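To start, the structure itself, in C-alpha cells.
The values are calculated or read from the model by the stated rules, or taken from the named source; none is laboratory data. Nothing here was measured: the structure is a model prediction, and the numbers come from that model. Every residue, glycine among them, receives a Cβ derived from its backbone with ideal geometry; neighbour counts consider all protein chains shown.
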Amino acid sequence: MSRRMDSEGVHRMEQRVLVCGGRDYADRDQLYRILDAAHLANQIICLIHGAARGADALAADWALDRDVLCTAYPADWDRDGGAAGPIRNQKMLDLGKPHLVIAFPGGRGTADMVKRAEKAGVPVAKVRPHVHA
C-alpha cells in the first residue's frame, strides 16, 4: 500500500482491493456497506473483479458510483473451458496485485480465489451472509 495525504492533512493508505463472490450474491446494501468501510479506512484506488454477475457486478457498480478505478478480468470459457475460472483468479492476483481480497458468499470459484489469495499471502476478509430479521 502507498500513503497519501488527504485534504485534511491526514496520511491515508491507498489500497487495491479484489472482490470475489457468488454469481447469485445479491445483497447490494451489505456489499456497499463493506466496501464503503474499507474505502474509508484505506482509500481504494483500484477495485479488481472477475466480470461475473452477482458480487462482481455489484462491486463494479459500487466502483462506478464512488468514482473508483475498476479493473475487470473476465474468464475466457471458450478458450480455457472448465479451467477458465481458476486461470482468471490467478490472473487477478498476478496482474491486479491486490493488497486485500474481500470475499462475499459464493461457491467453488470464490473458494478457489480465497485459497489462491491466502497462498500468495494476500489478506482475505471473508464476508458472512447477511441474515435479514
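From Arg16, Arg12, which residue is surrounded by 15 or more Cβ atoms within 10 Å (Cβ to Cβ), of a type in the set (D, E, K, R) and at pLDDT below 95? Before the answer, list the steps.
Numbers: Arg16 fails: at pLDDT below 95.
The unique qualifying residue is Arg12.
Out of curiosity, is Asp78 surrounded by fewer than 16 Cβ atoms within 10 Å (Cβ to Cβ) and over 17 Å from Ala125 (Cβ atoms)? Before the answer, list the steps.
Numbers: surrounded by fewer than 16 Cβ atoms within 10 Å (Cβ to Cβ): yes; over 17 Å from Ala125 (Cβ atoms): yes.
Yes.
Of all residues in the stretch 60-75 being in contact with a Cys (Cβ under 8 Å, 6 or more places away or on another chain) and surrounded by 14 or more Cβ atoms within 10 Å (Cβ to Cβ), which is nearest to Lys119 (Cα to Cα)? Give the derivation first.
Step one: list which residues in the stretch 60-75 are in contact with a Cys (Cβ under 8 Å, 6 or more places away or on another chain), which gives 60, 63-64, 68-71.
When the remaining residues are screened for being surrounded by 14 or more Cβ atoms within 10 Å (Cβ to Cβ), the result is 60, 63, 68, 70-71.
On the way: Ala60: 25, Ala63: 27, Val68: 27, Cys70: 24, Thr71: 22 Å.
Restricting to residues being in contact with a Cys (Cβ under 8 Å, 6 or more places away or on another chain) and surrounded by 14 or more Cβ atoms within 10 Å (Cβ to Cβ), the top hit is Thr71.
For a quick check of your reading of the model, give me the residue pairs whose first member lies in the stretch 28-39 and is within 17 Å of Asp56 (Cβ to Cβ), whose second is surrounded by fewer than 12 Cβ atoms within 10 Å (Cβ to Cβ), with beta-carbon atoms closer than 9 Å and at least 6 apart or on different chains.
Here the result reads Gln30/Pro129; Tyr32/Asp65, each pair linking the stretch 28-39 to a residue that is surrounded by fewer than 12 Cβ atoms within 10 Å (Cβ to Cβ).
Please go through the stretch 20-57 and pick out each residue that is touching a helix residue (DSSP H, G or I) at 6+ places or on another chain (Cβ under 6 Å) and over 17 Å from Met92 (Cα atoms).
Tyr25, Arg28, Leu31, Tyr32, Leu35
Which condition from (1) surrounded by 19 or more Cβ atoms within 10 Å (Cβ to Cβ); (2) touching a Pro at 6+ places or on another chain (Cβ under 7 Å) is the one that Asp112 breaks?
Checking Asp112 against (1) surrounded by 19 or more Cβ atoms within 10 Å (Cβ to Cβ); (2) touching a Pro at 6+ places or on another chain (Cβ under 7 Å), the one that fails is (1).
Which of (1) farther than 22 Å from Gly85 by Cα; (2) hydrophobic (A, V, I, L, M, F, W, C); (3) more than 12 Å from the chain's Cα centre (by Cα); (4) modelled with pLDDT of 95 or more is the odd one out, the single condition Ala26 does not satisfy?
In the conditions (1) farther than 22 Å from Gly85 by Cα; (2) hydrophobic (A, V, I, L, M, F, W, C); (3) more than 12 Å from the chain's Cα centre (by Cα); (4) modelled with pLDDT of 95 or more, Ala26 misses (1) alone.
Gly54 fails exactly one of the following numbered conditions: (1) under 16 Å from Arg116 (Cα atoms); (2) crowded, with 19+ Cβ neighbours inside 10 Å; (3) of a type outside the set (Phe, Trp, Tyr). What is the number of that condition?
(1)
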